[in-house]
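Enquirer: This is the structure, below, for whatever I ask next.
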Amino acid sequence: MLTGEEGAGRSPRIGIVTVKDDLHAHVVAHHLALEHGVTPQIIEADTLSTTPGLTWRCGDGPPRASVRAGARRIDVGALDVLWWRRVNYPQVATRGMEGAPAADLINNDQSAALHGALATDFRGRWIDHPDAVRAAENKLVQLSVARDLGLRIPATLVSQDPGEVRAFIAEQRAGVIAKPVRGTHRAGLLAGTVDGSLSDGSIMSCPTIYQELVPGSRHLRVHVFGDTVVCAQIDSPLLDWRADLRTGIRVVGLDDALESLLQQCLQRLGLTMGVFDLKVTDDGEVVWLEVNPQGQFLFVEALTGAPLGRTFARFLLRAASARSTVPA
């Protein structure tokens, strides 16, 4: 149950916008309910087209929005915090309709209505604001911010010009990796090494991120939830450690100066949370790779025992409590 400052005023009201059967949402909700007596409202954004869903009114009074979650109707304006967890997925109702105009209509209008309803009626704290998340997800924006802060980043080229790409590959003595600018929800894409044998057609098909290959087998996964920082070290010889998690992983400390830079990075991006991927070279230099504004963290909890679900629940609670301590 809530105690002390968190118990003053009314109970915090927390909403989670995500997709159906999202493990992260349900684990965090479990910790909030069991340990703090707070039951968050989970809005499954990809199922709204199979329910009475969303209602928005605007006329003589200010805009009012409500969203159906199971048998409950959630008053958006009454929430203190919205965790903008997972939203950019097609509606479950459109499965099997891919490419059909009706599917585009349902997905586009459902997304636009949800964004508009929340933007006009919700007055609480976003974790994090959709506009900030959308901008921060852009790898080019991330790299620019990291570089401006003095973080070491890999030499990077984003291009679809065969001449530019082959020249860049020739310049990098350690090798070059390629990874998508945004990627796709339909398939998991891993970073891989490339060379000058790439065909013109494959290069020109779309812009791709080409980066110098950073040597080393120590990878850092840094979770920043407000003022709380938890760093896990993954020891893997693989270029992309996600391909095989049967490797050494443990919680380690992080240099104060680096921790401060990562928090400054989130501030520049307009975020309060993020999960960073860094790599330590054989010489001990830390290289910034990317930040995921809504990164996965439960696999690190499962492999290390670090209570990240509980830590994140506490982070949401503090954000909500800052507003709910004022009597309704």
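The values are calculated or read from the model by the stated rules, or taken from the named source; none is laboratory data. Everything numeric here is computed off the predicted structure, so don't read it as measured data. FYI the Cβ positions are ideal-geometry reconstructions off the backbone, even for glycines, and counts take in every protein chain you see.
Enquirer: Could you list, ordered by first residue, the pairs with Cβ atoms under 8 Å in which the first is in the range 17-33 and assigned to a loop (DSSP other than H, G, I, E, B) and the second is small (G, A, S), at least 6 apart or interchain?
Expert: V19/A45
Enquirer: Can you pull out the residues in the range 17-33 that are within 16 Å of F297 (Cα to Cα) and touching a helix residue (DSSP H, G or I) at 6+ places or on another chain (Cβ under 7 Å)?
Expert: T18, L23, H24, V27, V28, H31
Enquirer: Just name the residue that is farthest from the chain's Cα centre (by Cα) out of those in the range 265-302 that are polar (S, T, N, Q) and closer than 30 Å to V19 by Cα.
Expert: Going through the qualifying residues, I end up with Q267.
Enquirer: Continuing with the same structure: Go through the range 90-110 and give me each residue that's surrounded by fewer than 17 Cβ atoms within 10 Å (Cβ to Cβ) and not small (G, A, S).
Expert: Of everything in the range 90-110, those that are surrounded by fewer than 17 Cβ atoms within 10 Å (Cβ to Cβ) and not small (G, A, S) turn out to be V92, R95, M97, E98, P101, D104, L105, N108, D109.
Enquirer: Which pairs have Cβ atoms under 7 Å, sit 6 or more apart or on different chains, and link a residue in the range 203-225 that is assigned to a helix (DSSP H, G or I) to one that is surrounded by fewer than 20 Cβ atoms within 10 Å (Cβ to Cβ)?
Expert: Between residues of the range 203-225 that are assigned to a helix (DSSP H, G or I) and residues that are surrounded by fewer than 20 Cβ atoms within 10 Å (Cβ to Cβ), the close pairs are I203/Q160; I203/P162; M204/Q160; M204/P162.
Enquirer: Then there's this: Among the residues of the range 266-316, which ones are within 18 Å of D235 (Cβ to Cβ) and of a type in the set (A, V, I, L, M)?
Expert: Within the range 266-316, L278, V280, V286, V287, L289, V300, A302, L303, A306 meet the criteria.
Enquirer: A follow-up question, please. Quick check, is D227 surrounded by fewer than 13 Cβ atoms within 10 Å (Cβ to Cβ), modelled with pLDDT under 90 and among the acidic types (D, E)?
Expert: Taking the combined requirement at face value, the residue does not satisfy it.
Enquirer: Follow-up. State yes or no: is V76 at pLDDT below 90, within 30 Å of F225 (Cα to Cα) and either β-branched (V, I, T) or loosely packed, with under 12 Cβ neighbours inside 10 Å (or both)?
Expert: no
Enquirer: Name the residues in the range 121-132 that are farther than 16 Å from G15 by Cα and surrounded by 15 or more Cβ atoms within 10 Å (Cβ to Cβ), would you?
Expert: Selection gives A132 alone.
Enquirer: List the pairs whose first member sits in the range 239-262 and is in contact (Cβ under 8 Å) with a residue 24 or more places away in the chain, whose second member is of a type in the set (A, V, I, L, M, F, W, C) and part of a helix (DSSP H, G or I), and whose Cβ atoms are under 8 Å apart, counting only residues at least 6 apart or on separate chains?
Expert: Listed pairs, sorted by first residue: L245/F299; L245/L303; I249/V300; I249/L303.
Enquirer: It is to be established whether one or more residues within the range 11-20 are over 22 Å from R123 (Cα atoms), within 27 Å of the chain's Cα centre (by Cα), outside the structural domain of Q296 (by TED's automatic domain parsing) and not polar (S, T, N, Q).
Expert: yes
Enquirer: Ok, one more. Six or more apart or on different chains, Cβ under 7 Å: which pairs go from a residue in the range 60-88 that's touching a residue at least 60 places away in the same chain (Cβ under 8 Å) and not assigned by TED's automatic domain parsing to the domain that holds D21 to one that's of a type in the set (D, E, K, R) and in a strand (DSSP E or B)? Could you list them?
Expert: Partner pairs satisfying both residue conditions: none exist.
Enquirer: Next question, about the same structure. Can you give me the number of residues within the range 235-284 that are under 25 Å from R85 (Cβ atoms), assigned to a strand (DSSP E or B) and at pLDDT 95 or above?
Expert: 7
Enquirer: Within the range 80-109, work out how many residues are in contact with a Pro (Cβ under 9 Å, 6 or more places away or on another chain) and either assigned to a helix (DSSP H, G or I) or closer than 30 Å to D227 by Cα (or both).
Expert: So the count comes out to 8.
Enquirer: Sticking with this structure for a sec: Taking A135, is it in contact (Cβ under 8 Å) with a residue 12 or more places away in the chain, crowded, with 17+ Cβ neighbours inside 10 Å, out of contact with any Gly (no Cβ under 7 Å at 6 or more places or on another chain) and assigned to a helix (DSSP H, G or I)?
Expert: Taking the combined requirement at face value, the residue does not satisfy it.
Enquirer: List the number of the failed condition for G150; all other conditions in (1) outside any loop (DSSP other than H, G, I, E, B); (2) within 26 Å of T272 (Cα to Cα); (3) more than 21 Å from the chain's Cα centre (by Cα) hold.
Expert: Evaluating G150 over (1) outside any loop (DSSP other than H, G, I, E, B); (2) within 26 Å of T272 (Cα to Cα); (3) more than 21 Å from the chain's Cα centre (by Cα) leaves (1) as the failure.
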